[in-house]
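The values are calculated or read from the model by the stated rules, or taken from the named source; none is laboratory data. Owing to the predicted nature of the structure, the values given are computational and were not obtained by experimental measurement. Note that each Cβ is placed from the backbone with ideal geometry, even for glycine, and that neighbours are counted across all protein chains shown.
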Amino acid sequence: MRESHVDHERNKENCHQRLASSILSVAFNEYVCIIHVIAPVTAVDWCERIIRFNNTERACDKEFIIRRTATNRVLNVLRHWVSKHAQDFELNNELKMNVLNLLEEVLRDPDLLPQERKATANILRALSQDDQDEIHLKLEDIIQMTDCPKAECFETLSAMELAEQITLLDHIVFRSIPYEEFLGQGWMKLDKNERTPYIMKTSQHFNEMSNLVASQIMNYADISSRANAIEKWVAVADICRCLHNYNGVLEITAALNRSAIYRLKKTWAKVSKQTKALMDKLQKTVSSEGRFKNLRETLKNCNPPAVPYLGMYLTDLAFIEEGTPNFTEEGLVNFSKMRMISHIIREIRQFQQTAYRIEQQPKVIQYLLDKALIIDEETLYELSLKIEPRLPA
């Protein structure tokens, strides 16, 4: 029975993956076929036609009209694909080379209209552009920056510096997730690290940033320093909100709500009323109440770049997967379910594709990624009890 259940789960997940990969490949192959099948002629043939037909006759040539229509459709598909789904080409070099070769072949068509030639050149330029820009930075590239000779410390960093570099890191981690990982609830399986490695990295990064915030506060022995640290982190969270980094807001507010920090009543008594009011406002924005109602409304009204909270989307996808079958009662693909999943992934992709124009500060990044600063949960609570012992009953 257990083996049967496992097989069922794997078949259910594979259904999504087959659909995702086949739709792109079929569409691409079909459009490529149009170019080659409709009028498979050589350059010499086209030269003869140019001589044989004048412009008026060519406009009436049925084959010419069909070829132009097909070319326009191919270019529209490729333009949309390259501009909206650039990650497909980053992850699949063979696919990228095939499309580049196709575009170069289109440019060699002597009968190409000026607007078609311009459109083809634009797509080719977008696909061929150098990937060394900030937009294409990966987390692995950022981690190498931790080789700096000296990192900054919390006291010397401004709230703005911290917020900007947290936002840069959060977006780089978030945008690295390929859309395939959002299919089939791979993040909930036993082998989730193999199925969805980038989603797992995003979750790990969230936890490490939240741990850093809590650890930094607990590093101070005196009440005033801890209260100042809390106020500074709340200011960082508010700047993250202004930068539309709601993942960063949640990383910080989650740390401040940990039992080891939340129970420090003497410390919180030193925190200003303005800071407490600001924290309440931030918590309401990213609250999970009503299925993240406030956060959804905020994201709807904000323009990218932005970093949403990934957990909200994973909850949506899990709800759809569990509550809706892959096939109808007639045995047909449930396209209603596929459209719901597609809508969520499209929204995620919208936020992945627009990068922040934030300058990297290696010393700040080194501080944020320094795992040596992180205190584990058990030790945090022990420190909390040592700093402010429990009151006698």
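Side notes on the structure shown:
- For Y220, the conditions (1) hydroxyl-bearing (S, T, Y); (2) more than 19 Å from D370 (Cβ to Cβ); (3) part of a loop (DSSP other than H, G, I, E, B) all hold with the exception of (2).
- Any chance L103 is at pLDDT below 60 and surrounded by 18 or more Cβ atoms within 10 Å (Cβ to Cβ): no
- In segment 144-156 there is at least one residue that is over 30 Å from K84 (Cα atoms) and either of a type in the set (K, R) or modelled with pLDDT of 95 or more (or both).
- Being surrounded by fewer than 16 Cβ atoms within 10 Å (Cβ to Cβ), within 22 Å of the chain's Cα centre (by Cα) and among the aromatic types (F, W, Y) holds for only one residue in F319, F351, and it is F319.
- Taking the numbered list (1) of a type outside the set (F, W, Y); (2) without any contact (Cβ under 8 Å) to a residue 60 or more places away in the chain; (3) within 27 Å of D88 (Cα to Cα) in turn, E329 passes all entries but (3).
- With respect to being aliphatic (A, V, I, L, M), at pLDDT below 90 and assigned to a helix (DSSP H, G or I), L169 falls outside the description.
Yes or no, residue by residue, for (1) more than 24 Å from Y179 (Cβ to Cβ); (2) in the same structural domain as N247 (by TED's automatic domain parsing); (3) under 23 Å from the mean Cα position of the chain (by Cα):
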| residue | (1), (2), (3) |
| --- | --- |
| K276 | yes, yes, no |
| T285 | yes, yes, yes |
| E289 | yes, yes, no |
| F292 | no, yes, yes |
| C302 | no, yes, yes |
| L310 | no, yes, yes |
| P325 | no, yes, no |
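- Unmet criterion (only one of (1) crowded, with 22+ Cβ neighbours inside 10 Å; (2) over 23 Å from T298 (Cα atoms); (3) modelled with pLDDT of 95 or more) for K232: (1)
- Condition met for Q185 (at positive phi and in contact with a helix residue (DSSP H, G or I) (Cβ under 9 Å, 6 or more places away or on another chain)): yes
- Hey, T298 assigned by TED's automatic domain parsing to the domain that holds S225, closer than 28 Å to Q353 by Cα and of a type in the set (S, T, Y) or not: yes
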